[in-house]
Each structure stands twice: as C-alpha cells, then as structure tokens.
Amino acid sequence: MEDNQQGRDEVLIAFHEECDIPTRADVERWTQAHREFAQDIREHAAIRLAMVADLVEHPAQLDDNMVARGRSRVQAAMFEAEASDLAAPSGPTLTAMLKSAGLTLPDLARRLPIKRVVVADLFAGRMRDVRPRFSTAISRELGVSVAAFNVAHAHAARIPALGGRAKSVGQPVVNQRSFEEIIRSSGMSDEEIAYWLADA
C-alpha cells in the first residue's frame with residue numbers, strides 16, 4: 001500500500017511540474033499513461049485549475065509602493081540602456097584620463113585644491129558647464145589638453161550617472177547643475193568660491 005502511495009505521489013508531482021496549468025489534452029495523456037492513478041490525476045488537475053481561476057478572479061492587490069518601486073527599477077534600467085547606446089567618445093573619458101594620470105577622485109580634488117563633491121559631480125556628468133579656470137587646472141592635473149578635457153566633459157554630461165536607483169515616482173531625473181551652482185553649494189569658503197567663479 002505504501003509503495004502505491006509513493007508511486008501516486010511521484011506521478012502527481014511529475015504531472016504538476018510538467019503541467020502547471022493542465023489542459024484537457026494533458027489530463028488525457030497522463031491518465032492514459034498512468035491508468036491506476038487516473039482519478040487522482042483528474043482531481044489534482046481540477047484543484048489546480050480552481051486555484052488558478054481563484055487567482056484570476058481575485059488577483060493580489062499591489063500597493064502603491066510596490067508599483068512605484070517596480071516602475072523605478074524599470075525606468076532606471078531603461079535609462080541605463082539608453083545611455084549605453086550612445087556613441088563612444090572621440091577620445092578618452094574622464095575616468096580614463098584620471099586612471100592614466102594615476103590619480104583617484106580624492107587625489108585630484110586635493111591637488112586642485114577643490115572640494116571632492118565638485119570633482120565627483122564632474123565625473124558623474126552632473127556638471128552642465130565648466131569655467132576656463134577650472135578646465136585649465138583640471139587639464140593640467142590630468143596631463144591632457146584643455147580641448148581633450150572639454151571633449152571628455154561633454155561626453156560625461158551627455159550620459160550622466162543617476163547615482164543609484166531612479167526616483168520611485170515619475171521619470172528618472174538626473175540633477176545636472178551649472179558649475180556655479182555646484183561651486184556655491186560645495187561648502188567651500190567665500191574666498192575659494194570667488195576664486196573658482198572669478199573668470200565668469
């Protein structure tokens with residue numbers, strides 16, 4: 001009796017795995033192949049179809065947060081895919097220039113000297129424009145021409161980083177700001193701010 005029970009269980013598990021939502025043809029095929037368990041297969045199929053019907057009639061309610069998180073992930077993935085589709089820059093990227101110079105972002109910020117948040121915004125593509133004094137100083141530290149730096153900056157600004165996940169409400173937004181806005185909000189002293197904004 002126990003062997004018969006175990007055999008029945010194995011057949012029903014195999015039937016369930018192969019036929020998650022069983023059709024009439026599935027039931028007929030399985031009952032023909034396993035005549036001794038035909039009634040059990042029919043009952044299992046009926047129970048499974050009733051469960052599926054119940055799910056369709058009463059789908060799980062998604063709360064607004066679940067929908068917003070899902071939308072956020074999809075939008076962030078779409079934005080990332082669009083950004084990766086953009087043409088490669090005509091020269092080295094800012095990151096490649098930094099690596100070639102043997103520097104890190106904190107090293108570069110210390111050598112300029114400027115707050116690290118300014119350099120981070122530049123490399124993340126969140127700086128819309130650059131001032132001549134800044135371009136000259138950073139080009140010198142990176143060991144590249146101002147023209148090469150400007151090309152790399154333009155490429156970074158075209159494909160800015162979102163900085164993690166997109167907002168969970170609405171479209172993903174990259175907060176690009178002007179050089180002046182970034183400098184003024186960086187936490188530098190008034191003298192340092194005046195120095196970097198002097199060639200306005």
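None of the figures in this text is laboratory data; all of them are computed from the coordinates on show. Please read these numbers as outputs of a predicted model, since none were measured by experiment. As a convention, Cβ positions derive from the backbone with ideal geometry for all residues, glycine included, and neighbour counts pool all protein chains shown.
Summary of values
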| read-out | value |
| --- | --- |
| ³J(HN,Hα), Karplus 6.51/-1.76/1.60, whole Hz, each residue of region 183-199, x for Gly, Pro | 4, 5, 9, 7, x, 6, 5, 4, 5, 5, 4, 4, 4, 6, 9, 4, 9 |
| Alpha-carbon gyration tensor eigenvalues x 5, square-rooted, for region 2-57, Å | 21, 12, 9 |
| Computed FRET value (nearest 0.05) for Leu49 with Arg73, which takes r as the C-beta separation and R₀ as 25 Å | 0.15 |
| Sites Asp190 and Asp63 - FRET efficiency at Förster radius 41 Å, r taken between beta-carbons, to 0.05 | 0.30 |
| Residue-wise HN-Hα coupling along region 96-111, computed from phi with Karplus coefficients 6.51, -1.76, 1.60 (Hz; x: Gly, Pro) | 5, 5, 5, 5, 4, 7, x, 10, 10, 4, x, 4, 4, 4, 5, 6 |
